[in-house]
1. Taking Rh as the Kirkwood radius computed over C-alpha pairs, what is the Stokes-Einstein D of chain B at 37 °C in a medium of viscosity 0.692 mPa s, expressed in µm² per second?
2. Mind jotting down the distance between the C-alpha centroids of the stretch A:87-159 and the stretch A:259-318, whole Å?
3. Got the relative contact order for the stretch B:3-272 handy, in percent, Cα pairs under 8 Å and 6 or more residues apart?
4. Per the Kirkwood definition applied to all pairs of different Cα atoms, how many angstroms is the hydrodynamic radius of the protein assembly as shown?
5. Pull out a ≥ b ≥ c, the square roots of the eigenvalues of the alpha-carbon gyration tensor of the stretch A:21-114, then state rounded if a/c is under 1.5, prolate if not and a/b is larger than b/c, and oblate in the remaining case.
6. Going down the table (A:K104/B:K197; A:K2/A:K304; A:K134/A:K247; A:K25/B:K138; A:K76/A:K107; A:K5/A:K317), which pairs top 22 Å between alpha carbons?
7. Cut-off is 10 Å between beta-carbons; in what order do A:L191, B:L271 appear when sorted fewest neighbours first?
8. How would you classify the stretch B:177-276 from its alpha-carbon gyration tensor, with a ≥ b ≥ c the square roots of the eigenvalues: rounded for a/c under 1.5, else prolate if a/b is greater than b/c, otherwise oblate?
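Laboratory data are not the source of any read-out in this text; all were calculated from the coordinates shown. This is a predicted model, so every value here is computed, not measured. Every residue, glycine among them, receives a Cβ derived from its backbone with ideal geometry; neighbour counts consider all protein chains shown.
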Amino acid sequence: MKTYKNTGSKDTRSGFGAGLTELGKTNPNVVALCADLTGSLKMDEFKTNHPERFFQIGIAEANMIGIAAGMTIGGKIPFTGTFANFSTGRVYDQIRQSVAYSGKNVKICASHAGLTLGEDGATHQILEDIGMMKMLPGMTVINTCDYNQTKAATLAVAEHQGPVYLRFGRPKVANFTPEDQKFEIGKAVTLTEGNDVTIIATGHLVWEALEAAKELDEKGISAEVINIHTIKPLDETAILKSVRKTKCVVTAEEHNFLGGLGESVARTLSLNHPAPQEFVATQDTFGESGEPLMLLDKYGLNAKAIAEKAEAVILRKE
Amino acid sequence: MSTTQHLQDFVTQVRRDILRQVHQVNSGHPGGSLGCAEFFTVLYQEVMEYSTDFDMDGKNEDLFFLSNGHISPVFYSVLARSGFFPVVELNTFRKIDSRLQGHPTTHEGLPGIRIASGSLGQGMSVAIGAAHTKKMNKDTHLVYSLHGDGELQEGQNWEAILYAGSKGVDNIIATIDYNKKQIDGATDDVLPLGDLKKKFEAFDWKVLELKEGNDVEAIKKTLEEAKGLTGNKQPVVILMDTEMGNGVDFMMGTHAWHGKAPNDEQLETALAQNPETLGDY
């Protein structure tokens, strides 16, 4: 099977920061807004390079979303930055009315998503954001897997007309996406080809899926790993093509099983090609304080859990 | 015809439009709409520079945002009669397949609308954002906004008020429809707003008080004064005293007509108090 090399672990939020820095140089319409988390979001360089295009809003996320919506009127492309929790649930109605329903070209950039935010605990570890954002008509929802992909996605969303939710995280994770890989919104990336099971993963769990595929390979099971960086619009063609071949699927995400990637995949399958599916996701629970990797282990969001679900779902094939 | 006479005729026709729109579908918000008929008329007929060849970006023109979107009947009437879309389209208000939704939206592409509003408290932030973009684009035109007084109970306003004052956003003119009434009764009974002038001043805003908010000349004078105060590193707010239901005797002095449509008989009485001027749709 095809294997991937970690070229050096980095945090996905730094990929966002690097992308934003590049956009600052290449696209004069890009503006950035932050709610008192400039360092955490890695927006410092953009701020230093373009003080006239950087807006410190203070701890007032509702106001930030409204200002961003207003800024689009006159051609600016606002990128808002705060933690995923404060980017979504806290400002759902502002996003719904002023951004999504109004069709505004705002890029909601959300760091520290999921359990891997770590020690701050459940108040900050949102596991419901993908669900909230994907339910909004017209919203594009992206969850990137590593530094390089996050940087590429940041560049890509600036070219996309319409609201985008771009979700990334805090910890350093394996960086394996080729630096020059173009990011195509809504286009899945098939990482390994296999015949026995399809593993559809997003965000931090993509690397875990690749690790699981290695484990499975040693047992003689060939897994097809698909990186779904865009949860909406979902690349149904890629999913169906793979599942028609493997006849079963495991989805993996750092999110509640309710409202996440897994449910979107299940809908696609039930409408087009029903197949057994297992979900690697949190089980309708809040998180807790702890080290990121220990949390992923405790909540069953790792390579081991993915491999176990893969073996289980293969047994369910008719 | 004098300018004042033209404005008054315009206001009377707008009142008729408001009443007929809400009556036809037996829903909508006539009270606040009637209270702001003079303000909208002066803003669109006298004060703002704009093109009716609508373009969302609105570069090199003044912009207006309605934050208290439920007074859409007055907004629609004034937009139509200012040339943004055919007046006859007022006939479709709140009906299926209409561009004139219950609350204003960009979603159906109605010319003149630049943001959806209805869920309260969001318009000031949007106005600030548009004002920032005007500065970045070196566009010296202004951004106007209107907010209900009861709407100031929404916390997002105070985030925006703090921001605009602290950051010296000086190309916006916000107006508060200070009718002191909301759905459940007097604002003083629901949740008193206290001394709004002092509150805005404490947040570093320049405050103008407009006691005759249903007088076209007084509105014009105050809006011109407000324009003169922009560009001074300070946002400007007008506290505009209005009468909910203004121009229809049985709708005035009460909050009862905030969100209630007149019946056939009541409509007839109300229209008789406001004879046709520019022609009904």
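1. Details: Rh = 18.7 Å.
Roughly 176 µm²/s, to the nearest whole number.
2. 21 Å
3. On the way: 532 pairs, mean separation 66.5, N = 270.
Answer for the stretch B:3-272 is 25 percent.
4. On the way: mean 1/r = 0.0388 Å⁻¹.
Mean inverse Cα-Cα distance, inverted, gives 25.8 Å.
5. Numbers: a/c = 1.89, a/b = 1.18, b/c = 1.61.
Oblate.
6. Result: A:K104/B:K197; A:K134/A:K247; A:K5/A:K317 exceed 22 Å.
7. On the way: A:L191 24, B:L271 18.
Listing A:L191, B:L271 from fewest to most nearby Cβ atoms yields B:L271, A:L191.
8. Working: a/c = 3.79, a/b = 1.65, b/c = 2.29.
It comes out oblate by the Cα gyration axes.
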